[in-house]
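Just below is one structure, and these are the notes that go with it.
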Amino acid sequence: MRSRFFRESTLGIFILVVLGALAGVLLWQRGLRLGGRGFSFTIELEDASGLDVGSPLRYRGIQVGSVKGVEAATGKVRVNVEVDDSDLAMPVDSVIETNQSGFLASTAIDIFPQTDLDSAPDLDPLAQDCNSDLIICQGSVVFGTTGVDFTKLLRDSTEALERFGDEEFLGNLNSTLLSITAAADDIAALARSANNTIVDFDVPITEFADSAAAITRAADQVSLAATSADSLILENKEQLAQTLDSISAASEEAQRLIASAQPLLDDGQLSANLKELSSNAAQTAANLRELSDQINDPNTIIALRETLDSARATFANTQKITADLDELTGDPRFRDNIRSLVDGLSGLLSSAEEIELLPATILPEELELDNVAKLKSGLKLATPDEIDQLTEFETQKINNDTPDTSQSPAIKLDEVE
């Protein structure tokens with residue numbers, strides 16, 4: 001008896017535990033919580049997408065509540081959700097979507113906040129003065145959208161497959177593929193042409209690189225020159241300052257000179273003189289222009305050329321005569337003979353003066369003037385031809401040649417009548 005009673009009691013307790021566990025699971029699925037307080041609000045959707053009582057409510061990817069009820073209405077679906085934590089404040093502008101995931105395509109509601117809220121006591125969704133413009137409050141109504149929906153995905157895939165099965169679509173697709181193939185061929189040809197062009201541009205690019213390097217070196221040299229100029233300016237700063245002071249002083253002096261010359265410029269006589277000077281300069285310019293025209297005349301050029309040729313010949317003859325004279329005067333014996341000749345001529349002139357005095361002492365006074373005149377007329381000096389003959393005769397004597405005495409020059413004194 002006792003054994004049977006024990007077995008029946010154990011079976012009854014086991015049945016009660018199982019029933020309690022089932023009731024707990026059901027209550028948990030219904031959202032029954034022992035202790036704690038949450039808040040609820042309503043979401044309006046165009047499509048429930050498989051939502052049911054107990055579907056999870058996720059905030060930032062974490063489950064914070066569940067669906068308490070789903071109600072169909074005209075043109076929309078109302079979903080009543082409950083949040084377990086009443087301290088959770090969710091922005092009213094959050095994005096609310098229904099998404100399906102997993103192999104069984106279970107549907108859940110995801111809430112993605114767009115703004116961040118600071119936790120504060122006045123953000124209590126259960127408060128009487130809850131700001132529904134800022135957060136989702138108890139009993140608020142918000143709008144949601146359909147996110148990832150496998151049913152919609154299958155529907156779109158089916159439509160795409162149907163389009164692929166359409167002959168017109170296949171024809172268009174084939175034409176498109178042919179066009180793409182032709183475009184690919186054109187692109188390949190263009191690529192080959194571009195490669196050839198790049199090869200052709202290798203040499204100019206190399207030259208350009210060399211030019212760029214040369215420009216860089218020139219820029220470096222210019223920079224070095226600028227640095228040198230800066231250092232030179234710094235070194236000669238004092239001299240430059242003195243030079244600028246000198247220029248300033250010269251400018252002031254020039255201004256004073258201009259001021260002092262202003263009365264002269266205002267003088268009418270000076271203006272007249274300047275005008276006359278200007279007219280004279282114009283006349284001189286005209287004369288120079290006329291002279292230039294005459295010089296540019298071909299006849300004048302020919303005459304000048306002939307004159308230059310004559311002068312050149314004259315200079316040549318003069319040079320020849322000078323050379324001959326140098327040869328003659330270079331002999332000491334010739335210079336001695338010339339000196340003796342000059343002394344003889346001087347003595348002859350002295351004798352002529354004495355002869356002029358003789359009539360006054362010897363002849364009577366009435367015959368003096370007449371006889372002296374006759375004596376003067378009878379006295380002949382050597383002519384230039386006779387001097388040349390005498391020079392040639394002396395040259396022959398110097399050269400030890402036998403001179404022709406028949407041609408020896410003689411200076412005769414005619415008898416006085």
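General remarks:
- One residue from Ala229, Ala219 being part of a helix (DSSP H, G or I) and at pLDDT 70 or above: Ala219
- Residue within region 89-100 that is modelled with pLDDT under 85 and either more than 13 Å from Val142 (Cα to Cα) or surrounded by 20 or more Cβ atoms within 10 Å (Cβ to Cβ) (or both) present: yes
- Sole exception among (1) modelled with pLDDT of 75 or more; (2) surrounded by 10 or more Cβ atoms within 10 Å (Cβ to Cβ) for Pro298, by number: (2)
The values are calculated or read from the model by the stated rules, or taken from the named source; none is laboratory data. Predicted model, so just to flag it, every value in this text is computed and none were measured. Don't worry about glycine lacking a Cβ; one is built from the backbone with ideal geometry, like all the others, and counts go over all protein chains shown.
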